[in-house]
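Step one of this worksheet: look at the structure below.
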Amino acid sequence: MVLSALFTRAPGEPPLPRPPVASDTMEPPEIEISFQEFLAALNPLHHLPIIGTIYREVTGETIPPVMRVLGGGLFGGPAGMLSAAVMAAVDEFRNAPPDTWRDTA
């Protein structure tokens with residue numbers, strides 16, 4: 001196998017431009033996190049499996065789902081990141097208005 005066959009452009013040639021984003025395509029939302037939210041997300045009590053849920057209910061603090069997943073990865077490794085992603089998704093579905101996930105077609 002020739003390694004040059006793996007490349008689609010000649011060396012030194014600029015990459016092809018990206019196609020424009022159509023108005024009907026979904027783009028990820030821009031997330032702005034304040035310094036206070038960042039510091040709150042570093043609190044390890046937010047990321048412990050059962051204690052984190054209790055802590056957030058008692059104190060009323062919330063952290064963005066992205067920070068929950070990153071903190072889960074930081075404190076629990078890959079398994080912590082996966083479980084934090086699942087729990088963040090469950091919380092998002094549970095807290096969404098009822099008509100959000102209904103098929104309108």
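Values in this text are rule-based calculations from the coordinates and carry no lab data. Just so you know, these numbers come straight off a predicted model, no measurement behind them. All Cβ positions, even for glycine, are placed from backbone atoms using ideal geometry, and neighbour counts span all protein chains on display.
Each label point was placed 7 Å from the Cα along the Cα-to-Cβ direction; for L42 and L74 their separation is 0.7 nm. The modelled label-to-label distance between I50 and I31, using points 7 Å beyond Cα along the C-beta direction, is 2.8 nm. The residues neighbouring A84, those whose beta-carbon lies less than 14 Å from its own, together hold a net charge of 0 under the Lys/Arg +1, Asp/Glu -1 convention.
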